[in-house]
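Engineer: Pasting a structure below so you can have a look.
The values are calculated or read from the model by the stated rules, or taken from the named source; none is laboratory data. Everything numeric in this text was worked out from a predicted model, so none of it was measured. Backbone-built Cβ (ideal geometry, glycine too); neighbour counts: all protein chains shown.
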C-alpha cells in the first residue's frame, strides 16, 4: 500500500514535466520570440536582439548540444523548469508584476466565488439526486431529470447575460459588478449554481441508482428494511466513494476560478488572469499557472485513487 | 473583456475599432462622496513612467507624476505649456541646445523613502536621472525612442550600460542631459529635433526621485512618489485604484484662456481655482463592455463611450442625443481623434508589393489601387460606423499641419476598380490560370463583433471585383508579432498620433524604419526618404508644411495604404460631471475635472 | 494494470455484469427495442431528425453557392434593413448587416453539426486506436499511452485549443495545401475542431482501454489467439465490434458539450469568424439585448437548447440501452 501511494505521488513529476514541455513548446516555439512583446512597437532589430540576449531567448530551445556535455542544460526549457521548481515564477510582461504576487492576489477572490459555488452546487446536487432516486421512475424523478437536462442545455453565457440584465440592471436586486462585500458575490454564485447544478444532479442520481441495483440492496429489501433506511443507511454510504472521488477531482478547479463569472461580474480572480495571459502570450504567467494547475490536478487525481483503494476493500492492487 | 480591450498602444498606437477609452473615459458613479470613478480599459503596468507605453498606464502615471511640459487643456490647436519648467526653454539658434529653468519650491510627496520622511524639493538632477532611466536598456522601456538617436551621447551611454554586468550607474555622465545648477537643465541634441517639446509632455519624460527607486527596488511601481495632483491611496491590481488629492500639490490654477466657445460651454467657470478640483478618484477595471453598459443603465455609470450597436438608440440620425438620454441631462461629446485607420500593403510581398522590375512594379501598384478603389468607404462609414467616422483622404488627419482637403484619388468606383484590376493583370479578378486572385489580410480584435462586421464588409467589397479576400482576426499579441516580422500581405491598422506633428505619421513610410521598425509596409522610396531626412530637423513653417504635402502625394501615388477613415470619439457624460473637454492627449486632464453633488 | 486508471477499470470490472458478449447484431436490435419503448427518447429522436434535415438543407445551400461560385444568400448584406424586428418577411428579424436571422440560425445548425463531425474525425480514430493498443498490449506501450493522455488531460484545454488554432491560422497563410482546404472549410472552424479534437480524445481512450483490458482475457479472444489470428486481426476484427457501441455513446454525449463549448470559445475570440455559428450569433446579440432586441439572442438560445437537450436525453437513453453499466464512468468523463 505504502509503495503504491509513493509510486502514485511520484507520478506527478513526469506528468508535470510533460505538461510543461507542451506549454513551453506552444509558447516559445509556436508563439515566437517574447522579445517582440517586450520591446514594443517602436523597437529596432538591435534592440530585440539585445533583449533576447539579456533574457536568454537566444539560447537553444530544449538542449544545448553545441556545448555538449558541460552546458547541455544551458537551454531555455531546462531553465524554465529549473526556475519553476524553485517557485521562481518571474515577472509578467504585460503587467510588469511578479507572477507570484499576481497569483496570490488572484487566488483569494477566485476562491471567494468558487468555494461557495461548489459547496452549494454539491449539496443541492446530492439532495436533489437522492430525492430523484428515492422516487425513481415517478414523476418527481422524471421532472427533476428533465429539468436538470434542460438546465444543462443553455449556454452559461446566456445565463450570465440574462441574470445581469434583468436581476441586476433592470430589477436592481443585486449589484451589477464589483467585489466589495459578500453581497456582490450572491449573483455570480447564484448564476454559477443554476448553470452547473443540472449536471451534478444527473451525475449523482446515476451514482445512487447504480448502487441501488446491487445485490445487497435486494437482500436488504427482501429482509424488509424500509426503502428510506436502505437509501440513507446503505446506498448513500456506498455511493460516498464515487461522490468523494468527484469532489476531490473538482478541487483543483476551484483554484483556477470561473472565467466567465469573473469577467462579467468583476471578480479580480485567477480565471481572468490566466486567460488574459494566454491571449497576450504572457509566458511567465502561463508557465506558472499551468505548472501549479497541473501539479494540483495530478496530485488530487492521485489522492482520489488512494482514497478509493483505502475506502473500498474490493479494489486490490495488482 | 480582453478581445475588446482597448488596443490603443500609446507608443505603439495600433487601435482597435470598437471604442477608445483614451478619449472617452468610462466614468462610474460616486459611491464615495467626492470621488469620480473611472473604468480602466487595459493592462496597467504600474506606476513607473518607464513603462507607460499604453493608454492606461499613461493615464495612471499622469495622475501622480509630472513632466517639464504639458498640453494646454482648453486651447486649440494643441500647444505645449510649461508645467514643472518655469517657462518654455531657451533654444540655441542652431536648434541643438535647450535650456530649461525648473520651478522652485516644487516638492515630491512625503514618503518614507526620503531620509526625513518629508518630500524633497524637485531639482534639475531629477530630470537627468529620470531621462537616463528611460534609455537604460536594462529597464526595457518602450519609450527610449523619444531620446535615442536624438540626444547627444544617448546611444553610447545605453550601449555602455547594456555591456556592463552590473546594474546601471546613473552617475555616469551623459553629455546630452546635464544639470548646470540646481534649477537649470540643459539638453543637447545630435541634430535638430523640433519634436522634443512634444515628447517632453509624454509620461515617459516625467520626473521620479531616485530615492524612491532605490528604496522600493522592484516594488517601486507600486509606490509612486511624485509631484502630481493626486497621490495613490490604494491599488488592487485588476480591480481598483484609489487616489486622493495631493496636499502638497500647488502652484497650478484652472486656466483662464480657452478656445472660442469654451466660455459659453461653461468650461471657464472655474478659471483661477486651485487644481485639482476633485478630492479623489476611484477607478475600477471593467473589461466587459456589456457590463459597462449595464452599469450605465443601472444608473451607476455617469459617462461611457458608445458602442456602435447602441449608437442608433442613443444618437439620433442627425448625430444628436436621443430624447430619453437628453431628459436625464446626459451630454454628448464628439471630437476627431487625430488618428487614421487604413489598410496597409506589405511592399515586400510578391503579389501586391514593390518590385525592381518596373513593369511588374506598375502592375502591383495598379492592384493596390484597385483594392483601394473597390472599398466604398462612405458606405462603410455609414453602415458599419453610423457616420461616426470621416472618410480619410490623406494619411495625416485633419487638424494637423500637412493635411489637405484634396480629394482622395482612389475614391470608390466599381467600374474603375474593375478596370484597374484588369490593368493589373487580373481581368475579373482572375489570374492567368483563371483562378480568382486570393489575398490574405490580418486585423486585430479576434472575437470582437465590430471587427467581424468590418471584415465582412471588406470581403464583400473585394468579392465585387472578383478577388477572394480572406480576413483573419488575430489576438493582439499575434497581430503585433506578424506585423513585426513582416509576415503579412495586407493588414488592417490604425495609428494614433503621439504629438501634433505630421512627422509622426510620415515616419511610417521612411525606408530605414521598415520591419521590425514602425514602417510595417516596408515601403521604400528614395525620393520620400530624402525629403523625410530634410523635414525631421525643420521647425514648423509653411515651407515644412509644403514638404509634408509633397511627401503625402508620393505615398498616395504609390497607394501604400488604402485609406479608410478618421475616427471621431463619442462619449456620454452625466450632468454632474463637469469641465470635460475632449482632448487628443488626455492623460493628465483629470486635475481639471469637477464633480457636482448628486 | 497501470496505477492511473485503476479505480475506474476495477470499479467496472467489479460488477456482476461481466458476461460473455452477445453477438453484436442482437445487441443493437435489443437496444433499439428498448429505445422504442422510451417515449421521451423517441420524441428526441424526431427532434434530432428535424435538426439533421435542417443541417442537410444548410449544407445544400452552402455547397450550391460554392459550386456555382456565387455568394450564398445568407451572406449577402442588405444594410438598408439592419436590425429589424421580426416581421412576415423575416420571422426572426435581421442582423447588423440586414441578413435574415433565421437563415443565420439554419447555417448555425450546419456549423454545429460540422463541429461535432470534424472533431469526431480526430477524436474517434485517435482515442480508439490508442485505447485499443494500450489495453490490448499493456506493459510499456500501455504506460506510454497512459502517460500521454495524463499529460494532455493536465494541460488546460483552452491553452491547447488556442495554440492549435494559432498554428492552424499561421499554416493557412503559409502553405498552399492549407489554403485549398480552407477554400471548403472556414479556417476558424477547422482551427477549433482540430483544437477540440486533440483535447477530446482522452475520455474515449480511457474507456476503450478499459474495455480492451477486460476483453483480451476473454475466452473468445484466447481462442482466436490459439487459432493463430494476428494481433491486428484480434484487435480490430474480433474485439472491436464488441466495443463499437461505446464510440457511439461517447459521441452522443460529447456532441452537446462541443456545441456549448463553441459559445464560450467564440466569446473568448477563438472561433469561427466568417460563418454564422450559434456562438458568434449569441455574442453579437448581447450588445443589442439592451435595445429590446430579444429575438436574436432568444432565437440562437432556443435553437441551441433543443438540439442540446435532445442530444442529451437521447444520448442517455442510448447509453442505458446499449450499456447500462457504463453510466458512472461516462458521466464522469463526459
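Engineer: What residue, of C:131, C:127, C:138, C:108, is within 14 Å of another protein chain (Cβ to nearest Cβ), in contact (Cβ under 8 Å) with a residue 40 or more places away in the chain, under 30 Å from residue A:11 (Cβ atoms) and in contact with a helix residue (DSSP H, G or I) (Cβ under 9 Å, 6 or more places away or on another chain)?
Structural biologist: On inspection, the qualifying residue turns out to be C:138.
Engineer: Moving on to the next point. Among C:204, C:160, which is in a helix (DSSP H, G or I) and either crowded, with 23+ Cβ neighbours inside 10 Å or more than 12 Å from chain A (Cβ to nearest Cβ) (or both)?
Structural biologist: From the options C:204, C:160, the qualifying one is C:204.
Engineer: Just to be sure I understand, how many residues within region C:182-224 are touching a helix residue (DSSP H, G or I) at 6+ places or on another chain (Cβ under 7 Å) and closer than 23 Å to residue B:349 by Cα?
Structural biologist: 2
Engineer: In region A:244-271, how many residues are modelled with pLDDT under 80 and within 14 Å of chain B (Cβ to nearest Cβ)?
Structural biologist: Within region A:244-271, residues that are modelled with pLDDT under 80 and within 14 Å of chain B (Cβ to nearest Cβ) number 1.
Engineer: Considering only region B:463-484, how many residues are out of contact with any helix residue (DSSP H, G or I) (no Cβ under 8 Å at 6 or more places or on another chain) and either free of Cβ contacts under 8 Å to residues at least 12 places away in the same chain or farther than 17 Å from residue A:276 by Cα (or both)?
Structural biologist: Result for region B:463-484: 3.
Engineer: In addition: Are any residues in region B:481-519 in a helix (DSSP H, G or I) and within 16 Å of the chain's Cα centre (by Cα), and if so, which ones?
Structural biologist: Listed by number, the residues that qualify are B:503, B:504, B:505, B:506, B:507, B:508.
Engineer: May I pose another question? Which is assigned to a loop (DSSP other than H, G, I, E, B) and modelled with pLDDT under 75, of B:53, B:42, B:46?
Structural biologist: Answer to the check: B:42.
Engineer: Can residue B:413 be described as within 25 Å of residue C:274 (Cα to Cα) and in contact with a helix residue (DSSP H, G or I) (Cβ under 7 Å, 6 or more places away or on another chain)?
Structural biologist: Considered against the rule, which asks whether it is within 25 Å of residue C:274 (Cα to Cα) and in contact with a helix residue (DSSP H, G or I) (Cβ under 7 Å, 6 or more places away or on another chain), residue B:413 comes out as no.
Engineer: Select from region B:214-238 the residues that are within 14 Å of another protein chain (Cβ to nearest Cβ) and assigned to a helix (DSSP H, G or I) and write down the one among them that is surrounded by the fewest Cβ atoms within 10 Å (Cβ to Cβ).
Structural biologist: B:217
Engineer: Taking the condition outside any helix (DSSP H, G or I), touching a helix residue (DSSP H, G or I) at 6+ places or on another chain (Cβ under 9 Å) and crowded, with 21+ Cβ neighbours inside 10 Å, does residue C:303 pass?
Structural biologist: no
Engineer: Something else about it: Every residue in region A:272-288 that is more than 8 Å from chain B (Cβ to nearest Cβ) and either more than 18 Å from residue A:89 (Cα to Cα) or in contact with a strand residue (DSSP E or B) (Cβ under 8 Å, 6 or more places away or on another chain) (or both), please.
Structural biologist: Within region A:272-288, A:284 is the sole residue that qualifies.
Engineer: Something else about it: Is it the case, given these coordinates, that residue B:95 is without any contact (Cβ under 8 Å) to a residue 12 or more places away in the chain and either more than 14 Å from chain A (Cβ to nearest Cβ) or more than 27 Å from the chain's Cα centre (by Cα) (or both)?
Structural biologist: Answer is no for this residue.
Engineer: Which condition number in (1) in contact with a helix residue (DSSP H, G or I) (Cβ under 6 Å, 6 or more places away or on another chain); (2) under 27 Å from residue B:530 (Cα atoms); (3) more than 11 Å from chain C (Cβ to nearest Cβ); (4) surrounded by 22 or more Cβ atoms within 10 Å (Cβ to Cβ) is the one that residue B:437 fails?
Structural biologist: Result: residue B:437 fails condition (2) only.
Engineer: Of everything in region C:238-270 that's over 16 Å from the mean Cα position of the chain (by Cα) and over 26 Å from residue C:209 (Cα atoms), which residue is nearest to the other protein chains (Cβ to nearest Cβ)?
Structural biologist: Selected residue: C:269.
Engineer: Within region A:245-261, identify whether any single residue is buried (at least 20 other Cβ atoms within 10 Å of the Cβ), free of Cβ contacts under 8 Å to residues at least 60 places away in the same chain, over 21 Å from residue A:129 (Cα atoms) and within 16 Å of the chain's Cα centre (by Cα), and answer yes or no.
Structural biologist: Scanning region A:245-261, I find at least one residue that is buried (at least 20 other Cβ atoms within 10 Å of the Cβ), free of Cβ contacts under 8 Å to residues at least 60 places away in the same chain, over 21 Å from residue A:129 (Cα atoms) and within 16 Å of the chain's Cα centre (by Cα), so the answer is yes.
Engineer: Something else now. So which residues in region B:333-364 are more than 30 Å from residue B:387 (Cα to Cα) and within 30 Å of the chain's Cα centre (by Cα), if there are any at all?
Structural biologist: Within region B:333-364, B:347, B:348, B:349, B:352, B:353, B:354 meet the criteria.
Engineer: Out of all the residues in region B:440-459, which are closer than 19 Å to residue B:341 by Cα, within 9 Å of chain C (Cβ to nearest Cβ) and touching a strand residue (DSSP E or B) at 6+ places or on another chain (Cβ under 9 Å)?
Structural biologist: Passing the criteria: B:440, B:442, B:445, B:446, B:448, B:451, B:452, B:455, B:456, B:459.
Engineer: In region A:174-229, what residues are more than 14 Å from chain C (Cβ to nearest Cβ), in a loop (DSSP other than H, G, I, E, B) and farther than 30 Å from residue A:253 by Cα?
Structural biologist: Result: A:223, A:224, A:225, A:226.
Engineer: Looking at region C:68-91, is at least one residue farther than 30 Å from residue C:144 by Cβ, in a helix (DSSP H, G or I), modelled with pLDDT of 80 or more and away from every other protein chain (no Cβ under 13 Å)?
Structural biologist: yes
Engineer: Considering only residues that are within 17 Å of residue C:147 (Cα to Cα) and without any contact (Cβ under 8 Å) to a residue 60 or more places away in the chain, look in region A:7-29 and name the one that is surrounded by the fewest Cβ atoms within 10 Å (Cβ to Cβ).
Structural biologist: A:10
Engineer: A further question on this structure: Looking at A:291, A:232 in this structure, which one is part of a helix (DSSP H, G or I), more than 8 Å from every other protein chain (Cβ to nearest Cβ) and over 30 Å from residue A:93 (Cβ atoms)?
Structural biologist: The conditions single out A:232.
Engineer: Out of A:99, A:145, I need the residue that is surrounded by 15 or more Cβ atoms within 10 Å (Cβ to Cβ), in contact (Cβ under 8 Å) with a residue 60 or more places away in the chain and in contact with a strand residue (DSSP E or B) (Cβ under 7 Å, 6 or more places away or on another chain). Which one?
Structural biologist: Matching residue, one of A:99, A:145: A:99.
Engineer: Out of (1) surrounded by 21 or more Cβ atoms within 10 Å (Cβ to Cβ); (2) within 14 Å of chain B (Cβ to nearest Cβ); (3) over 25 Å from residue B:52 (Cβ atoms), what's the single condition that is false for residue A:92?
Structural biologist: Of the numbered conditions (1) surrounded by 21 or more Cβ atoms within 10 Å (Cβ to Cβ); (2) within 14 Å of chain B (Cβ to nearest Cβ); (3) over 25 Å from residue B:52 (Cβ atoms), the odd one out for residue A:92 is (3).
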